[in-house]
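Inspection log for the structure reproduced underneath, given as structure tokens.
The values are calculated or read from the model by the stated rules, or taken from the named source; none is laboratory data. Please read these numbers as outputs of a predicted model, since none were measured by experiment. Cβ placement follows ideal geometry from the backbone for every residue including glycine, while neighbour counts extend to all protein chains displayed. To get the accessible areas, we keep the full protein, side chains included, count just its heavy atoms, and leave off ligands, DNA and RNA. Shrake-Rupley method; radii C 1.70, N 1.55, O 1.52, S 1.80 Å.
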Amino acid sequence: MKLLLQHGSVRPRSSIERLIEKRLFALAARQRLEEAVVRLHDEREASPRFQASVYLRVAGPDIHSTGSDHTLRGAVEKALAAAETQVASRQGRRVARRRREPLMAAGGLGW
């Protein structure tokens, strides 16, 4: 997995960088990730001030998520949680589809 961390007008602490790496590598263990791009923004006049966006290149449709909060850590955690939720949802649909396929192949639905 290729990880890009882009920060505009904000210098994240090393603890936030480690949090991003840790959660994305854990996510990569569940879903093959080609590339992960995390963008951090600090808009001083906006409320909430900090924004984070996550873009994940995966097999199939790519995953996009954003989060905003009054702290940088909060925005990052919200964006990563949204991405993790999308991955879990896709895995759930994939598992459900695998369970239905044997019934359909055996003619269990009667169509």
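Quick notes
- Scanning region 18-33 for residues that are modelled with pLDDT of 95 or more and charged (D, E, K, R) returns ARG18, GLU21, LYS22, ARG23.
- Any hit, region 27-34, residues being closer than 21 Å to ARG94 by Cβ, under 15 Å from the mean Cα position of the chain (by Cα) and polar (S, T, N, Q): yes
- Pairs where the first residue, in region 30-48, is touching a residue at least 40 places away in the same chain (Cβ under 8 Å) and the second is open to solvent by 40 Å² or more (accessible area, probe 1.4 Å) and part of a loop (DSSP other than H, G, I, E, B), C-beta under 9 Å, 6+ apart: GLN31/ALA59
- Selection status of GLU45, at pLDDT 95 or above and either outside any helix (DSSP H, G or I) or at negative phi (or both): no
- Residues satisfying the stated conditions in region 17-42, i.e. of a type in the set (Asp, Glu) and either in contact with a Lys or Arg (Cβ under 9 Å, 6 or more places away or on another chain) or farther than 13 Å from GLU77 by Cα (or both): GLU34, GLU35, ASP42
- Boolean, PHE50 is among the aromatic types (Phe, Trp, Tyr) and open to solvent by 70 Å² or more (accessible area, probe 1.4 Å): no
- Counting residues in region 29-51 that are in contact with a His (Cβ under 7 Å, 6 or more places away or on another chain), of a type in the set (S, T, N, Q) and farther than 19 Å from LYS2 by Cβ gives one or more.
- Among the residues of region 11-42, those identified as open to solvent by 80 Å² or more (accessible area, probe 1.4 Å) and assigned to a loop (DSSP other than H, G, I, E, B) are ARG11, ARG13, ARG32.
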